[in-house]
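The values are calculated or read from the model by the stated rules, or taken from the named source; none is laboratory data. Small disclaimer: the values here were computed from a predicted structure and weren't measured. Ideal geometry is used to build each Cβ from the backbone, glycine not excepted, and the neighbour counts take in all protein chains shown. Side chains included, ligands, DNA and RNA excluded: accessible areas come from the protein's heavy atoms. Shrake-Rupley method; radii C 1.70, N 1.55, O 1.52, S 1.80 Å.
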Amino acid sequence: MFWKKKRGWFGEHLEENIKALNEGDLRRLPWIFCVFSEEDSQSKLLAAKALNNVLKSFDFDDIIRIDMQMRQTTSMEWNINWREQKIGNFFTSTMNIEERKSVLIFASFNANGFIRERAVQMMGDYDGSLPYIILRQNDWVLQVRQAASKAFDKRMQNLSKGEILTSLPFAEKLKWSSRGSHGEYTQKFFDKLVSPEHKEDLARGLQSQNLRTRRICIGALFEASQPDIQKAFERLTDEPEPFLRTVLFEKLRKIGIDMAEPSRIMLRDKFTRNRILALQYLYDKQAGEIYDICVNALMDKDAYVRAFARSIILKYNPNFDFRATYLENIEKAGAPAILGIGEIGQLIDAEIIEEYLDDSRIAIVRATLVSLMRLNSEKYKALLTDMLTDSRIGMIKTAQKLILKYNVQNFSRTFEIFQGTPYEYTRVKCAAILFKASKWERLIYMLEALSAEEESIKKLALQSIQRWIFTFNRSYVQVSSQQKNKIQILIEKHKERLSVNLTRELKFLLN
């Protein structure tokens, strides 16, 4: 008959802590780990299984957060003398390899440096432990960092399948860390990643669905002792993320690679910055067709590209007639030509493009509105408010943005539309305009909006009222007697919706 150790306090509460953990309460992790300081084998096994299960669901950001959280100990955990604990006693004979590794990983998060140091030393023998070893290479205790560096070298010689990919964000974090000099180790890591023996890992990383993974792998192509420029060049046309195409293009250009052909491809890139980079490169290299390319770019959908193209054209032909070019291309190019007229046109051009307000294409009408306001905002400001009655979401969005941009709000008319429209989207956009009114009128509109049927608008109104109270003293405009009476009536009408605290605060500010 075997004598069974009595469960300690943490063991007695283990089941409830595991249940809470499985329901998402990660604050229970330190208490679950404290079971390993006690002597009950069954509790240790249950705790190891729980830690192993939760670890499988963690990504990089979760691990960084838990690493810090595990050291935010309470008085109960400090009653444990971790320095006297031996990690070998944390294990039971029935734990499998993954469970033992999970125990070590969480031990490496422990508040006690002796536990972290010993955990890191032992992790070097476990496949898949490299990410957590790298994390400890920036530990604040020198001995832990030293142990982690030795374990790092050991793992780098015995990498398991996929281990180097899961370590990518940890290695990048270490590269920017400040405790000690980590350049030697991050260089070893990225050199290993781009080495022939790990070409499959690198290929998987470059094709990963995870943007961070692809970004780090792209960086490794350039940062390795022997950069793989050919692969980086190939990746430029395969990379789906515009920002990473920018990174690749700029890095390749910086090291002197001929980017003429990629530039011609990037002229069609969906990302504005990439089209500008392509134009800039071709202009800097004095490409023979740059003038014609810029003439075509005058009809680009983006204002920055159009402006950049015009600046280059003027260096070749100071007398270029942009206005005539845009007017001639309205039927062919549509919205970009109309927008171009708004950017460089004359007051008379407003009358020319006004007819396109009746066009069936939303993009054309939106471009016309934008250009009309550029050319003659005073004449067309009333039109913007009326456009809020349009049933098309794109038109309402454009009208609202332009009203706020040019500060041409007609609050009474907008409130009429707010009350009369059957469309929730329109009411939200009208509310955004109404809530820009003067100090006390704004509050009245917010309180009126509490009568809306839509919960989204009621919620927006409540949030806006709370912000109004917070910024109350930024304007010293006094409430008029008429405004005060109106506000008091609305407060009483919506006091249940406002809550006791909001009602009290509003009444206080009125007096």
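For region 150-170, give me the residue count where each residue is of a type outside the set (A, V, I, L, M) and surrounded by fewer than 19 Cβ atoms within 10 Å (Cβ to Cβ).
Going through region 150-170, the residues of a type outside the set (A, V, I, L, M) turn out to be 150, 152-155, 157-158, 160-163, 166-167, 169-170.
Restricting the remaining residues to those that are surrounded by fewer than 19 Cβ atoms within 10 Å (Cβ to Cβ) gives 150, 153-154, 157-158, 160-163, 166.
Matching residues across region 150-170 total 10.
Out of all the residues in region 314-325, is one or more touching a residue at least 12 places away in the same chain (Cβ under 8 Å), within 39 Å of the chain's Cα centre (by Cα) and open to solvent by less than 10 Å² (accessible area, probe 1.4 Å)?
Within region 314-325, none of the residues are touching a residue at least 12 places away in the same chain (Cβ under 8 Å), within 39 Å of the chain's Cα centre (by Cα) and open to solvent by less than 10 Å² (accessible area, probe 1.4 Å).
For region 49-57, check the following and say yes or no: at least one residue is open to solvent by 30 Å² or more (accessible area, probe 1.4 Å) and outside any helix (DSSP H, G or I). Write out each step before concluding.
Pass one, region 49-57, residues open to solvent by 30 Å² or more (accessible area, probe 1.4 Å): 49, 53, 56-57.
Next cut, outside any helix (DSSP H, G or I) only: 57.
Within region 49-57, one or more residues are open to solvent by 30 Å² or more (accessible area, probe 1.4 Å) and outside any helix (DSSP H, G or I).
If you check Ile216, Ile257 for being among the aliphatic types (A, V, I, L, M), in contact (Cβ under 8 Å) with a residue 12 or more places away in the chain and not in a loop (DSSP other than H, G, I, E, B), only one passes: Ile216. Residues that are under 21 Å from Glu163 (Cβ atoms) and assigned to a helix (DSSP H, G or I) were ranked within region 219-230; the one that is modelled with the lowest pLDDT is Glu223.
Counting the residues of region 194-219 that are over 27 Å from the mean Cα position of the chain (by Cα) and surrounded by 13 or more Cβ atoms within 10 Å (Cβ to Cβ) gives 4.
Would you please name the residue that is least open to solvent (accessible area, probe 1.4 Å), looking only at residues in region 255-310 that are among the acidic types (Asp, Glu) and either touching a strand residue (DSSP E or B) at 6+ places or on another chain (Cβ under 6 Å) or under 18 Å from Glu239 (Cα atoms) (or both)? Only one residue fits best here, namely Asp269. Within region 171-188, which residues are closer than 16 Å to Ala224 by Cβ and open to solvent by 30 Å² or more (accessible area, probe 1.4 Å)? If the condition is that a residue be closer than 16 Å to Ala224 by Cβ and open to solvent by 30 Å² or more (accessible area, probe 1.4 Å), then Glu172, Lys175, Gly183, Glu184, Tyr185, Gln187, Lys188 are the ones that fit. Restricting attention to region 414-425 and to residues that are assigned to a helix (DSSP H, G or I) and more than 23 Å from Gln466 (Cα to Cα), the residue that is least open to solvent (accessible area, probe 1.4 Å) turns out to be Ile417. Screening the candidates Asp359, Asp390, Asp386 for the property of being under 17 Å from Ala333 (Cα atoms), modelled with pLDDT under 95 and of a type in the set (Asp, Glu) yields one hit, Asp359.
Suppose we filter Leu388, Leu375, Leu384 for residues that are surrounded by 19 or more Cβ atoms within 10 Å (Cβ to Cβ), out of contact with any strand residue (DSSP E or B) (no Cβ under 8 Å at 6 or more places or on another chain), touching a residue at least 40 places away in the same chain (Cβ under 8 Å) and assigned to a helix (DSSP H, G or I); which single one remains? Working first, answer last.
Details: Leu375 fails: touching a residue at least 40 places away in the same chain (Cβ under 8 Å); Leu384 fails: touching a residue at least 40 places away in the same chain (Cβ under 8 Å).
Result of the check over Leu388, Leu375, Leu384: Leu388.
For region 439-478: of the residues being part of a loop (DSSP other than H, G, I, E, B) and under 20 Å from Glu505 (Cβ atoms), which is most open to solvent (accessible area, probe 1.4 Å)? That would be Tyr476.
Mind telling me which of the residues Lys150, Lys154 ends up being at pLDDT 95 or above, in contact with a Gly (Cβ under 6 Å, 6 or more places away or on another chain) and of a type in the set (D, E, K, R)?
On the way: Lys150 fails: in contact with a Gly (Cβ under 6 Å, 6 or more places away or on another chain).
After applying the criteria, what remains is Lys154.
The single condition among (1) in a helix (DSSP H, G or I); (2) within 24 Å of Gln121 (Cβ to Cβ); (3) at pLDDT below 90; (4) within 40 Å of the chain's Cα centre (by Cα) that Met76 does not meet is (2). Within region 401-413, not a single residue is touching an Asp or Glu at 6+ places or on another chain (Cβ under 9 Å), crowded, with 19+ Cβ neighbours inside 10 Å and of a type in the set (A, V, I, L, M).
Taking region 110-131 as the range and being assigned to a helix (DSSP H, G or I) and open to solvent by less than 30 Å² (accessible area, probe 1.4 Å) as the test, the residues that pass are Gly113, Ile115, Arg116, Ala119, Val120, Met123, Leu130, Pro131.
I need the full set of residues from region 100-109 which are open to solvent by 10 Å² or more (accessible area, probe 1.4 Å) and in contact with a helix residue (DSSP H, G or I) (Cβ under 6 Å, 6 or more places away or on another chain), in order please.
Our first condition is that a residue be open to solvent by 10 Å² or more (accessible area, probe 1.4 Å); within region 100-109, this holds for 100-101.
If the condition is that a residue be open to solvent by 10 Å² or more (accessible area, probe 1.4 Å) and in contact with a helix residue (DSSP H, G or I) (Cβ under 6 Å, 6 or more places away or on another chain), then no residue fits.
Out of (1) at pLDDT below 95; (2) acidic (Asp, Glu); (3) open to solvent by 20 Å² or more (accessible area, probe 1.4 Å), the odd one out for Asp139 is which? That leaves (3) as the condition not met. With respect to the conditions (1) within 34 Å of the chain's Cα centre (by Cα); (2) open to solvent by 80 Å² or more (accessible area, probe 1.4 Å); (3) within 30 Å of Ile417 (Cα to Cα), Ala335 lacks only one, and its number is (2). Filtered by the rule that a residue be within 19 Å of Glu163 (Cα to Cα) and touching a residue at least 40 places away in the same chain (Cβ under 8 Å), region 39-72 gives Asn52, Leu55, Phe60, Ile63, Ile64. In region 479-511, how many residues are open to solvent by less than 60 Å² (accessible area, probe 1.4 Å) and under 39 Å from the mean Cα position of the chain (by Cα)? Within region 479-511, residues that are open to solvent by less than 60 Å² (accessible area, probe 1.4 Å) and under 39 Å from the mean Cα position of the chain (by Cα) number 8.
Taking region 338-363 as the range and being among the β-branched types (Val, Ile, Thr) and buried (at least 19 other Cβ atoms within 10 Å of the Cβ) as the test, the residues that pass are Ile338, Ile341, Ile353. Considering only region 65-73, I want to know if a residue exists there that is surrounded by 12 or more Cβ atoms within 10 Å (Cβ to Cβ), modelled with pLDDT under 90 and out of contact with any helix residue (DSSP H, G or I) (no Cβ under 8 Å at 6 or more places or on another chain). Yes - at least one qualifying residue is present in region 65-73. Among the residues of region 238-251, is any more than 22 Å from the chain's Cα centre (by Cα), of a type in the set (Val, Ile, Thr) and either surrounded by fewer than 20 Cβ atoms within 10 Å (Cβ to Cβ) or not in a helix (DSSP H, G or I) (or both)? Taking every residue of region 238-251 in turn, none turns out to be more than 22 Å from the chain's Cα centre (by Cα), of a type in the set (Val, Ile, Thr) and either surrounded by fewer than 20 Cβ atoms within 10 Å (Cβ to Cβ) or not in a helix (DSSP H, G or I) (or both).
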